[in-house]
Amino acid sequence: MTVTDWVFLAVAAVTLFSAYRVVVSRKIMHAALWLGLTFFGVAGIFLLLGADFLAAAQVLVYVGAVTTIIIFGIMLSTPEELRGPSSDAGSDADSPAAPTRRSFLPLLTAIGFAAVMVALVNRGEWPSPPGSVATDTPRLLGEALFTRFVIPFEVASVVLLVALVGAIALALKEESGQ
Amino acid sequence: MTLSLSVVLAVSALMFGLGVYGALTQRNAIRVLMCIELVLNSVNINLVAFSRYVGPDQALGQVFTVFVMTVAAAEAAVGLAIILMVARRKAHIDIDQINLLKW
């Protein structure tokens, strides 16, 4: 075990623990903050895998933007909206720890999937880690994006534009309807 | 660097399982969205790991990760806009009780 291995295991443990906390936190704001820590952990994993540009993009896009708009979404909702209809308000519907009628099959599905994947991964023959790794990933990414993947790249920009317009339109329709 | 690919893939699979479990059990729409982000991130780990171990001089897997990030950002923005609109109209965002496409 080299130092890199230990660092990876530590980062992976932090990531998995915070992902677990996202699922089980009783307060939704705590879950959102744990989600931010998970994104940071994934950025660390990217860094350890040699994807430095993606690690920076992960911090900018996920930690900087996605977590922020999720927190905005939480703060723009009233407590009643977050907690659900008042019919079962007494049973603390916001709490995921409260057993729902659907809690068994999802558990089976998730554990089954993870177990099957881990078993497959352990049995597989995987390529050994390459000795040298490309250090100029931004150049490689840019070349790939603007030559071989130029059409998906343009489509992705259209997707972003449509999402931008769509999000604004959804919010504006509500405003003008009142 | 001796880190084996299977360890990275196992971490990714566990995170995917957590995200799937959360997305299936949560009743709050914002929480479901957060769990879907977990799933997308675990897939990104997979893509980057294979890019690192299989074709380290091309970074093709990282290109796909860029696209996944793009779509995830768009999904989060539009999803939250929809959730906010539903919350204003129905006064809750319990996905068990949102069963209309139009009202």
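Rule-based calculations on the coordinates, nothing more; no lab input. The structure presented is a predicted model; accordingly, all values stated were derived computationally and were not measured. No Cβ is skipped: glycine too gets one built from the backbone with ideal geometry, and neighbour counts run over all protein chains shown.
Take the conditions in a helix (DSSP H, G or I) and either closer than 30 Å to residue A:76 by Cα or in contact (Cβ under 8 Å) with a residue 40 or more places away in the chain (or both) and apply them to residue B:86. Does it pass? Yes: the conditions hold for residue B:86.
Residues of the stretch A:24-35 that are within 10 Å of chain B (Cβ to nearest Cβ) and under 25 Å from residue A:57 (Cβ atoms): A:31, A:32, A:34, A:35.
Which of the residues that make up the stretch B:1-36 are charged (D, E, K, R) and buried (at least 24 other Cβ atoms within 10 Å of the Cβ)? Reasoning before the result, please.
Filtering the stretch B:1-36 for residues charged (D, E, K, R) gives B:27, B:31.
The answer is B:31, and nothing else.
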